[in-house]
Amino acid sequence: MASFTETPSGSWRVQIENRGKREYKTFKNKSLANRWASQREAELARGMVASADDAERTPFSDVIKTYRKKVLPTKRNRSDSYTLNTLEKRFGRTRLIAL
């Protein structure tokens, strides 16, 4: 559920809570704030938005491994494998949130 607060400058601040994490955004008028809050809550309800917790825990190397298993076998170009090796060496330990 979104909560709306009018700031002293006349703009509107929206707060949405999801899984104990709060998300804030400020808008010029209440109708824009209401529209954003409705859209954001719908995205969260459908699961379209990945949580930041997953991005904080997941290293880039996990994404590369998944790509190698699911997508690479369907590709003809073998240079993709070389590119993935290079990316994994450089960014493998980096968490997705940092990218």
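If the condition is being more than 26 Å from Gly20 (Cα to Cα) and touching an Asp or Glu at 6+ places or on another chain (Cβ under 9 Å), then region 52-66 contributes Ser61, Ile64, Lys65.
Take region 2-41 and flag every residue that is touching a residue at least 24 places away in the same chain (Cβ under 8 Å) and hydrophobic (A, V, I, L, M, F, W, C). Correct list: Ala2, Phe4, Ile16, Ala33, Ala37. Residues in region 76-99 that are over 22 Å from Ala55 (Cβ atoms) and modelled with pLDDT under 85: Arg76, Asn77, Arg78, Ser79. Screening region 68-99 for residues that are surrounded by 14 or more Cβ atoms within 10 Å (Cβ to Cβ) and out of contact with any strand residue (DSSP E or B) (no Cβ under 7 Å at 6 or more places or on another chain) and picking the one that is nearest to Ile16 (Cα to Cα) gives Leu96.
Quick check on my filter: what residues within region 1-17 are loosely packed, with under 14 Cβ neighbours inside 10 Å and part of a strand (DSSP E or B)?
At the first step, the residues of region 1-17 found to be loosely packed, with under 14 Cβ neighbours inside 10 Å are 1, 3-10, 17.
Ser3, Phe4, Thr5, Glu6, Glu17, listed by residue number.
Here Lys65 qualifies as modelled with pLDDT of 90 or more and surrounded by 13 or more Cβ atoms within 10 Å (Cβ to Cβ).
The values are calculated or read from the model by the stated rules, or taken from the named source; none is laboratory data. Note that this is a predicted model, so its numbers are computed, not measured. All Cβ positions, even for glycine, are placed from backbone atoms using ideal geometry, and neighbour counts span all protein chains on display.
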